[in-house]
Amino acid sequence: MNKNYYAILMAGGVGSRFWPVSTTEFPKQFHDMLGTGETLIQKTFSRLAQIMPNENILILTNEAYNDIVLEQLPQIKPDQVVLEPAMRNTAPCILYASLKIKKKDPNALILVAPSDHWIEDEMQFIANIQNTFNFCEYQDSLMTLGILPTFPNTGYGYIEFDKLDTRPIKKVVQFREKPDYRTAQKFIQSRNFLWNAGIFAWSVNSILNAFQKFQPEMYAHFYKGFDLLNTPDEKAFISENYPLAENISIDYAILEKANNVYVLSATFDWNDLGTWGSLYDKLPKDENFNAVVNADLVVENSVHNIVRTDSKKLVVIDGLNDYIIVDRENVLLIYPKNKEQDIKKIVSKLKD
């Protein structure tokens, strides 16, 4: 277990496509979405704890989720929870956490990973992370893990790599935004595109140098409080200054501008669990290809549905195909799977 390895675990998202289970008050990373007995953040933490000390894993989340994180991860100390007083996308929070790590360990190697992804083959995951850390230790590089596409998905960003590069770790040509279906088909046919999983690795010096070069204002804004980080005065500085940071993703802020970005094609099974349909793909099915979580299901003429309830409720359905059926407290959702991307719009309308 390497003491120079650190992780920034991103746990601030709302996961509104998983409504009504995932809510602003209690998002999907804190739920046992797969019925395994562990929440997504618990599974992710235990995976990372196999390659680095517990105390080197920082949980980056919104202030509102501090108590939930500490309840679900009793093995961590309160100062490992890095709290965002405002939502400012991934660049400011990664910079903030990286400066905290730099102050603690100037030789740190950092993994940035979402807390709500599904990864099955943990041995391969650990091997891939080890490969990226080995590369970052000796190269001034910004590493990302890419996923070999299995179909022309229009919901993911893509990473284009150098087709002529025969090494396992390849130079990134460019990041591509979520494509339309025809463009996604072309990406797959050209065989030099990977899905962007949002998993990154770099040395603390490489990422901070990149911020200095490409986001000098943001870097200066946070660095003026460097002496206060990891002290009792940190909170007051962050409360005052964090909301003033630009709202921008790490992709736009750094990765799309830098020329030292590399990608490793991951060898583990991966799913970002972004929608009910993606969850359906990973759950076991009955003889009618229905996926059931926490429910007792009786079906007639119904196939390819996902059914989830609280407390093993009896659910009887007849004549429903390809539907999402979720019963959660005072909400019942019955929605066609092929329109699942619209659930986010429904949630925003309910808030209006």
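The values are calculated or read from the model by the stated rules, or taken from the named source; none is laboratory data. Being a predicted model, the structure only gives us computed values, none of them experimental. As a convention, Cβ positions derive from the backbone with ideal geometry for all residues, glycine included, and neighbour counts pool all protein chains shown. Surface accessibility is based on the protein's heavy atoms, side chains included, excluding ligands, DNA and RNA. Shrake-Rupley method; radii C 1.70, N 1.55, O 1.52, S 1.80 Å.
A Cβ distance below 7 Å, combined with a sequence gap of six or more or placement on separate chains, defines the contacts here; from segment 157-182, residues that are without any contact (Cβ under 8 Å) to a residue 24 or more places away in the chain reach residues that are open to solvent by 20 Å² or more (accessible area, probe 1.4 Å) and aromatic (Phe, Trp, Tyr) in the pairs 173/161. A count restricted to segment 189-224 and to residues that are at pLDDT 95 or above and farther than 20 Å from residue 131 by Cβ stands at 17. Set side by side, the residues 62, 4, 54 differ, and just one is surrounded by fewer than 22 Cβ atoms within 10 Å (Cβ to Cβ), more than 22 Å from residue 120 (Cβ to Cβ) and touching a residue at least 60 places away in the same chain (Cβ under 8 Å), which is 4. Considering every residue within segment 75-82, establish whether at least one is in contact with a Gly (Cβ under 9 Å, 6 or more places away or on another chain), part of a helix (DSSP H, G or I) and either at pLDDT 95 or above or surrounded by fewer than 19 Cβ atoms within 10 Å (Cβ to Cβ) (or both). No, because not a single residue in segment 75-82 is in contact with a Gly (Cβ under 9 Å, 6 or more places away or on another chain), part of a helix (DSSP H, G or I) and either at pLDDT 95 or above or surrounded by fewer than 19 Cβ atoms within 10 Å (Cβ to Cβ) (or both). Just one of the listed residues (136, 93) is in contact with a Gly (Cβ under 8 Å, 6 or more places away or on another chain) and within 18 Å of residue 212 (Cβ to Cβ), namely 93. From the list 191, 176, the lone residue that is on the phi < 0 side of the Ramachandran plot and either polar (S, T, N, Q) or open to solvent by 30 Å² or more (accessible area, probe 1.4 Å) (or both) is 176. Quick check on segment 203-226. Is at least one of its residues within 21 Å of the chain's Cα centre (by Cα) and either open to solvent by 20 Å² or more (accessible area, probe 1.4 Å) or hydroxyl-bearing (Ser, Thr, Tyr) (or both)? Yes. For segment 85-125, the candidate set comprises residues that are acidic (Asp, Glu) and within 18 Å of residue 36 (Cβ to Cβ); within that set, the residue that is least open to solvent (accessible area, probe 1.4 Å) is 116.
Return the residues of segment 286-305 that are under 25 Å from residue 269 (Cβ atoms), of a type in the set (D, E, K, R) and open to solvent by 80 Å² or more (accessible area, probe 1.4 Å); say none if nothing qualifies.
The one that is under 25 Å from residue 269 (Cβ atoms), of a type in the set (D, E, K, R) and open to solvent by 80 Å² or more (accessible area, probe 1.4 Å): 287.
In segment 236-253, the residue that is least open to solvent (accessible area, probe 1.4 Å) out of those that are free of Cβ contacts under 8 Å to residues at least 24 places away in the same chain and not polar (S, T, N, Q) is 237. Taking segment 157-255 and the helices (runs of 4 or more DSSP H) fully enclosed by it, the elements with 2 or more residues that are touching a Lys or Arg at 6+ places or on another chain (Cβ under 6 Å) are at 204-214. Within segment 129-152, restricting attention to residues that are open to solvent by 10 Å² or more (accessible area, probe 1.4 Å) and part of a helix (DSSP H, G or I), the residue that is farthest from residue 34 (Cα to Cα) is 138.
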